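For reference, the structure discussed in these notes is given below.
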Amino acid sequence: MKFLRFGSPLAVAAMMTLSGISGAHAAEKIVDSIHFLIPGGAGGGWDGTARGTGEALTNSGIVGSATYENMSGGGGGKAIGYLIENAESNHGTLMVNSTPIVIRSLTKVFPQNFRDLTLIAGTIGDYAAFVVNKDSALNSFTDLVAAYEADPRSVAIGGGSVPGGMDHLVAAMAMEAAGAEPTAVKYIPYDAGGKAMAALLSGEIAALSTGFSEAVALAEAGEVKIIGVTAPQRVPAYKDAPTLKEQGVDAEFVNWRGFFAAPGLPDETADKYRAALAAMYDTPEWEAVRARNGWVNIHNSGDDFRVFLEKQEKQIGDLMKKLGFL
């Protein structure tokens, strides 16, 4: 089965090129301060994206200062609701989000969707990865598929999102691409990637479906094995991790991450945020953060971001119906 790449072909094109907006000199401050709202707990992909972006923006001098707030709950809905309900007092806030804002809106986990927010920009992509404990008998994704096919209920796969969320969906899609039954996946949800990784290390789950960037550090430390990555070729940040494709599983996926602001944000303020993020790509501070995390540069700003999200919404909706999630 050909795995549908979310956002294709627009996402693919976006990964191959950066925005044409010219970046500012590293010493030019564009925004005085940003408060980053993170819809999940510490250690997850949203947390790492917000803090890494804030690090690059402040260290380069593009933003004067950055603060961070983790607000878990409702699959990200608590933070979205807070941003909308307190719009006027949150004009200095950027909320990080990613593909789940589309998935969870479709599945009615929360009533809002991206149209209820001010779209700032999509900034990065992160491939998905399948991870096992260092002592696991599973050494490849094909080993995981074989164990799953032998007894689906004995192979628990965890993730840092709700049932029917992105980590669950990626696991089901990869199993389908491998020729296995996608709807029988025993998925165990955790609040953010950090808790899901802890569950893997403690032996609560057999494997973890997560963002590649969340697994790299532990893989380098020898604590886990990355048995499959949804990239077209091995990712330079950790070349020991095999792709699903090289194991005969035709599956690719990249999860975008980006930033949203409160509804009603003045255009002038929104444009400053967009300019700051565009300028960030040209700085060595950003390249250090990006390379460290194994992220792919993606830049969809303003109206381009809206077009990208609307296309992805249709593609994900069609695919989730096929797999029985809608």
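The values are calculated or read from the model by the stated rules, or taken from the named source; none is laboratory data. Computed from a prediction, not measured in an experiment: that's the story for all the values here. As a convention, Cβ positions derive from the backbone with ideal geometry for all residues, glycine included, and neighbour counts pool all protein chains shown.
Go through region 219-241 residue by residue and tally those that are part of a helix (DSSP H, G or I) and touching a residue at least 24 places away in the same chain (Cβ under 8 Å).
We begin by selecting, within region 219-241, every residue part of a helix (DSSP H, G or I); these are 219-220, 236-238.
The next check asks that each one be touching a residue at least 24 places away in the same chain (Cβ under 8 Å); those that pass are 219, 236-238.
Qualifying residue count, region 219-241: 4.
Residue 102 falls short of the stated requirement of being in contact with a Lys or Arg (Cβ under 9 Å, 6 or more places away or on another chain) and crowded, with 20+ Cβ neighbours inside 10 Å. Got a sec? Which of 162, 216, 109 is part of a helix (DSSP H, G or I) and of a type in the set (Val, Ile, Thr)? Criteria check complete, one pass: 216.
Applying the criterion of being among the β-branched types (Val, Ile, Thr) and surrounded by 21 or more Cβ atoms within 10 Å (Cβ to Cβ) to the residues of region 297-326, the residue that is farthest from residue 60 (Cα to Cα) is 316. Each residue in region 63-77 was checked for being surrounded by 15 or more Cβ atoms within 10 Å (Cβ to Cβ) and either of a type in the set (Ser, Thr, Tyr) or in contact with a strand residue (DSSP E or B) (Cβ under 7 Å, 6 or more places away or on another chain) (or both), and 7 pass. Of all the residues in region 253-297, those that are on the phi > 0 side of the Ramachandran plot and at pLDDT 95 or above number 1. Say we look at region 85-108 and pick out the residues that are of a type outside the set (S, T, N, Q) and farther than 24 Å from residue 298 by Cβ; which of these is nearest to the chain's Cα centre (by Cα)? Going through the qualifying residues, I end up with 108.
Against the condition in contact with a Pro (Cβ under 7 Å, 6 or more places away or on another chain), of a type outside the set (Ser, Thr, Tyr), surrounded by fewer than 22 Cβ atoms within 10 Å (Cβ to Cβ) and over 28 Å from residue 37 (Cβ atoms), how does residue 239 come out, does it pass? Answer is no for this residue. Show the residue pairs meeting these rules: Cβ distance below 8 Å; 6+ apart or different chains; first residue within region 40-56 and touching a residue at least 40 places away in the same chain (Cβ under 8 Å) and over 14 Å from residue 292 (Cα atoms); second residue aromatic (Phe, Trp, Tyr) and assigned to a helix (DSSP H, G or I). Pairs found: 40/46.
Residues checked against (1) among the polar types (S, T, N, Q); (2) within 25 Å of residue 78 (Cα to Cα); (3) in a strand (DSSP E or B); (4) free of Cβ contacts under 8 Å to residues at least 40 places away in the same chain:
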site: 123; (1), (2), (3), (4): yes, yes, yes, no
site: 126; (1), (2), (3), (4): no, yes, yes, no
site: 131; (1), (2), (3), (4): no, no, yes, no
site: 135; (1), (2), (3), (4): no, no, no, yes
site: 138; (1), (2), (3), (4): no, no, no, no
site: 142; (1), (2), (3), (4): yes, no, no, no
site: 146; (1), (2), (3), (4): no, no, no, yes
site: 158; (1), (2), (3), (4): no, yes, yes, no
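Quick check on this structure: which one of 43, 54 is part of a helix (DSSP H, G or I), under 18 Å from the mean Cα position of the chain (by Cα), at pLDDT 80 or above and within 30 Å of residue 197 (Cβ to Cβ)?
Working: 43 fails: part of a helix (DSSP H, G or I).
Going through 43, 54 in turn, the sole match is 54.
State yes or no: is residue 160 touching a strand residue (DSSP E or B) at 6+ places or on another chain (Cβ under 9 Å), closer than 30 Å to residue 278 by Cβ and crowded, with 17+ Cβ neighbours inside 10 Å? Against the criterion (touching a strand residue (DSSP E or B) at 6+ places or on another chain (Cβ under 9 Å), closer than 30 Å to residue 278 by Cβ and crowded, with 17+ Cβ neighbours inside 10 Å), residue 160 qualifies. Within region 298-326, residues that are charged (D, E, K, R) reach partners that are in a strand (DSSP E or B) with beta carbons closer than 9 Å, at six or more positions or on different chains, in the pairs 303/119; 304/121; 304/122; 306/119; 306/300.
Of the numbered conditions (1) surrounded by fewer than 17 Cβ atoms within 10 Å (Cβ to Cβ); (2) modelled with pLDDT of 95 or more, residue 250 satisfies every one except a single condition; which is it? Of the numbered conditions (1) surrounded by fewer than 17 Cβ atoms within 10 Å (Cβ to Cβ); (2) modelled with pLDDT of 95 or more, the odd one out for residue 250 is (2). Residue 257 meets the conditions (1) under 26 Å from residue 154 (Cβ atoms); (2) of a type in the set (D, E, K, R); (3) in contact (Cβ under 8 Å) with a residue 60 or more places away in the chain in every case but one. The failed one is (1).
Please enumerate the residues belonging to region 78-99 that are of a type in the set (Val, Ile, Thr) and buried (at least 19 other Cβ atoms within 10 Å of the Cβ). Write out each step before concluding.
First, the residues of region 78-99 that are of a type in the set (Val, Ile, Thr): 80, 84, 93, 96, 99.
Residues satisfying the conditions are 80, 93, 96, 99.
May I ask you to verify whether residue 80 is modelled with pLDDT of 95 or more, not charged (D, E, K, R) and not assigned by TED's automatic domain parsing to the domain that holds residue 160? Talk me through it step by step, then tell me what you get.
Values: modelled with pLDDT of 95 or more: yes; not charged (D, E, K, R): yes; not assigned by TED's automatic domain parsing to the domain that holds residue 160: yes.
Taking the combined requirement at face value, the residue satisfies it.
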